[in-house]
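The values are calculated or read from the model by the stated rules, or taken from the named source; none is laboratory data. All values derive from a computational prediction rather than experimental measurement. All Cβ positions, glycine included, derive from the backbone under ideal geometry; neighbour counts span all protein chains shown.
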Amino acid sequence: MTNFDLSRQVFSFLKQAGVEKLVVCAGARNAPMVMALGNEDFKIYSYFEERSAAFFALGLIKAYQKPVAIMTTSGTAAAELLPACIEGAYQGLPLILITADRPKSFRGTGSPQTIVQPGLFKNYVESEYDLDVHTKSFPFKWSFKKPLHINVSFDEPLIDKSSHSLIPVTIEKPQVLPAKPKKIFQGVRPLIVVSEIAPQHVSLVSDFIIAMKAPVYAESMSLLKSDPSLEHYIIKSSEQYVKQLFKLELCDSIIRIGGIPTLRFWRDLEGEYKDVPVVNFSDLPYSGLSRDTDCLTVESLKPYKPYPPEVLQVVRKIDLKLQSEKEKLFNKFPLSEPALANKVSQLVGRHGIYLGNSLPIRHWDQFAVCDSHLVYANRGANGIDGQISTYLGWSENLDQSYCLVGDLTTLYDLASLGLTPQLKENKRFIIVLNNFGGQIFKRVFKNDNFINKHQTQFYHWAKMWNWSYLLVSNLTDFKKADTFNTPNVVIEVVPDAAQSEKFWEDWDMICQSV
């Protein structure tokens, strides 16, 4: 078998796996595959920076609901795929990593651009295949619910020709038996917490909530926040109110549905509230807790005993009061981060929005007017790297979309906008909430060493990649956002630090006084 033949075998697998889009980071060692692509009909995205390219591939997977492959050269280029691979593993995304390699005999020799690539992603891929021209058969086993690694060793001369026909490629999906409950759920007054769920499960989850008649903390990715049929159940005031529900004994247990919650209280379940019963319904095999809890599929949802209606009235009454107080604080501190996040949500309306990790996603969950039914974020490993790259891939299927990220998140992904010339000319707005450092840690640790302060603004970043730019430092600036006719706009929102601090002081006091 020649290098050209081996490349065709890999492409045959991609076709059988349903791959239509391929992200290519070209180099010398993967030249055989790059050259062989001339005979294929994949949609090709090319990029020089592997980390951004891999996160971009994750966005494409979410946009089109199909596997996407990324192809790199050898050495540290392959290692750059690890962050996106980790994120894909914890989201259950079918990302295919194709890493070109030098001949197997070079491993461990210190030869240039040679590292040990098999095993590089071992904790975060379902399986890996180490191929070369001597490989005799191509059976693959893959569930499509976790990344897959294909390492392909090429020898010199790199560019050659076909020598024989394709060897049959097969893909077998392993059978997975549904999990059964290990214990009886002990909750009497459960709080339902819903994070990211698949669109096909929205009606199932909605019906479950209505049958349970229980209070619900629905995160933005749940697609449920603006569901009118759930109006009487959804807590809209604050995630801080959730802790108060347990302090006041209005709730005694948690039914979690979907992905791992952003909710701060989820972490309290490991400490102060470690005895609160929890049951998980998720399509991912993760409980998100170190203690032993049941983790069942979303499709196995069946109502428990309904929540006491008289207690629900109390929960709702307090929530409505807190919402009213929150609106007052928006008016009192209009340039605070929470108030500006609320304004951003009004700008976004019903368009799709991608939320960066750390403060933006928490702000959106608590302060957004959530009209959008299309909200996405990388909530697998919760990192801040690769966020804008992921957004760009996710936005490919949307005529108009928004991305809300923090300043440090943006600094992590400065190379991302170089992908722009290959994208569809959709309208994209990247909104950078610039508070000049990791201000989330200010509230957590109260120590400036955690903040990573800077004085960077993003005008020159936008111009470098030919994006339009708007600075928002007051409320009237928001009105200019819709006047841009260009397809790509960076909107830098600079909150008033003093107003933000005062908002949180007042809001904490209000929530604790419930």
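Looking across the stretch 258-296 at every residue that is within 22 Å of the chain's Cα centre (by Cα) and part of a strand (DSSP E or B), the one that is nearest to Tyr241 (Cα to Cα) is identified as Asn280.
Let's see how each residue does on (1) free of Cβ contacts under 8 Å to residues at least 12 places away in the same chain; (2) surrounded by fewer than 22 Cβ atoms within 10 Å (Cβ to Cβ); (3) over 17 Å from Ala341 (Cα atoms):
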| residue | (1), (2), (3) |
| --- | --- |
| Gly386 | no, no, yes |
| Thr390 | no, no, yes |
| Trp394 | no, no, yes |
| Asn397 | no, yes, yes |
| Gly406 | no, no, no |
| Thr409 | no, no, no |
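A residue that is assigned to a strand (DSSP E or B), assigned by TED's automatic domain parsing to the domain that holds Tyr273 and surrounded by 19 or more Cβ atoms within 10 Å (Cβ to Cβ) occurs somewhere in the stretch 217-224. Among the residues of the stretch 464-488, those identified as loosely packed, with under 13 Cβ neighbours inside 10 Å, in contact (Cβ under 8 Å) with a residue 40 or more places away in the chain and either more than 18 Å from Leu404 (Cβ to Cβ) or touching a Phe, Trp or Tyr at 6+ places or on another chain (Cβ under 6 Å) (or both) are Met464, Asn466, Asn474.
Filtered by the rule that a residue be on the phi < 0 side of the Ramachandran plot, in contact with an Asp or Glu (Cβ under 9 Å, 6 or more places away or on another chain) and buried (at least 23 other Cβ atoms within 10 Å of the Cβ), the stretch 243-259 gives a lone residue, Gly259.
Which one is surrounded by the most Cβ atoms within 10 Å (Cβ to Cβ), of the residues in the stretch 147-172 that are part of a loop (DSSP other than H, G, I, E, B) and among the hydrophobic types (A, V, I, L, M, F, W, C)?
Phe154
Checked against the criteria, Phe144 counts as of a type in the set (Phe, Trp, Tyr), touching a Pro at 6+ places or on another chain (Cβ under 9 Å) and surrounded by fewer than 21 Cβ atoms within 10 Å (Cβ to Cβ).
Conditions tested, residue by residue: (1) over 13 Å from the mean Cα position of the chain (by Cα); (2) at pLDDT 95 or above.
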position: Ser358; (1), (2): no, no
position: Arg362; (1), (2): yes, no
position: Gln387; (1), (2): no, yes
position: Leu398; (1), (2): yes, yes
position: Tyr402; (1), (2): yes, yes
position: Gly418; (1), (2): yes, yes
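Restricting attention to the stretch 445-485, the residues that are in contact with a Leu (Cβ under 8 Å, 6 or more places away or on another chain), aromatic (Phe, Trp, Tyr) and at pLDDT 80 or above total 5. Out of contact with any Phe, Trp or Tyr (no Cβ under 8 Å at 6 or more places or on another chain), surrounded by fewer than 13 Cβ atoms within 10 Å (Cβ to Cβ) and touching a residue at least 40 places away in the same chain (Cβ under 8 Å): which single residue out of Lys136, Lys122, Lys183 fits that description? Matching residue, one of Lys136, Lys122, Lys183: Lys183. Determine, yes or no, whether Ser195 is touching a helix residue (DSSP H, G or I) at 6+ places or on another chain (Cβ under 8 Å) and surrounded by 15 or more Cβ atoms within 10 Å (Cβ to Cβ). Here the answer is yes, as Ser195 does meet what is asked. Can Tyr402 be described as buried (at least 21 other Cβ atoms within 10 Å of the Cβ) and assigned to a helix (DSSP H, G or I)? For Tyr402, the condition - buried (at least 21 other Cβ atoms within 10 Å of the Cβ) and assigned to a helix (DSSP H, G or I) - is not met.
Taking Leu296 as the residue in question, decide whether it is under 17 Å from Ser195 (Cα atoms), in contact (Cβ under 8 Å) with a residue 12 or more places away in the chain and touching a strand residue (DSSP E or B) at 6+ places or on another chain (Cβ under 7 Å).
yes
Taken together, Ala381, Ala339 contain a single residue that is outside any helix (DSSP H, G or I) and of a type in the set (Gly, Ala, Ser), which is Ala381.
Selection over the stretch 198-215 of residues that are surrounded by 24 or more Cβ atoms within 10 Å (Cβ to Cβ) and outside any helix (DSSP H, G or I) gives a count of 2. Taking the stretch 314-346 on its own, how many of its residues are closer than 19 Å to Glu505 by Cα and in contact with a strand residue (DSSP E or B) (Cβ under 8 Å, 6 or more places away or on another chain)? Of the residues in that region, 3 qualify.
Hey, can you tell me all the residues within the stretch 459-514 that are in a strand (DSSP E or B) and aliphatic (A, V, I, L, M)?
Hits for the stretch 459-514 are Leu470, Leu471, Val472, Val489, Val490, Ile491, Val493.
Of note, Thr109 does not satisfy the criterion of being in a strand (DSSP E or B), loosely packed, with under 13 Cβ neighbours inside 10 Å and out of contact with any Ser or Thr (no Cβ under 6 Å at 6 or more places or on another chain). For the stretch 65-79, the set of residues classified as touching an Asp or Glu at 6+ places or on another chain (Cβ under 8 Å), of a type in the set (S, T, N, Q) and closer than 13 Å to Phe48 by Cα consists of Thr72 only.
How many residues, within the stretch 325-358, are in contact with an Asp or Glu (Cβ under 7 Å, 6 or more places away or on another chain), surrounded by fewer than 24 Cβ atoms within 10 Å (Cβ to Cβ) and in contact (Cβ under 8 Å) with a residue 24 or more places away in the chain? If you could, list the steps in order and put the result at the bottom.
Of all residues in the stretch 325-358, those in contact with an Asp or Glu (Cβ under 7 Å, 6 or more places away or on another chain) come to 329, 335-336, 349-350.
Now drop any that are not surrounded by fewer than 24 Cβ atoms within 10 Å (Cβ to Cβ), which leaves 329, 335, 349-350.
Filter once more, so that each one left must be in contact (Cβ under 8 Å) with a residue 24 or more places away in the chain: 329, 335.
Result for the stretch 325-358: 2.
Restrict the check to the stretch 344-355 and report whether at least one residue is touching a Cys at 6+ places or on another chain (Cβ under 9 Å), more than 25 Å from Gln65 (Cβ to Cβ) and either part of a loop (DSSP other than H, G, I, E, B) or of a type in the set (S, T, N, Q) (or both). Checking the stretch 344-355: at least one residue is touching a Cys at 6+ places or on another chain (Cβ under 9 Å), more than 25 Å from Gln65 (Cβ to Cβ) and either part of a loop (DSSP other than H, G, I, E, B) or of a type in the set (S, T, N, Q) (or both).
Looking at the stretch 1-79, what helices (runs of 4 or more DSSP H) fall wholly within it and have at least 1 residues that are within 21 Å of Leu398 (Cα to Cα) and hydroxyl-bearing (Ser, Thr, Tyr)?
50-64
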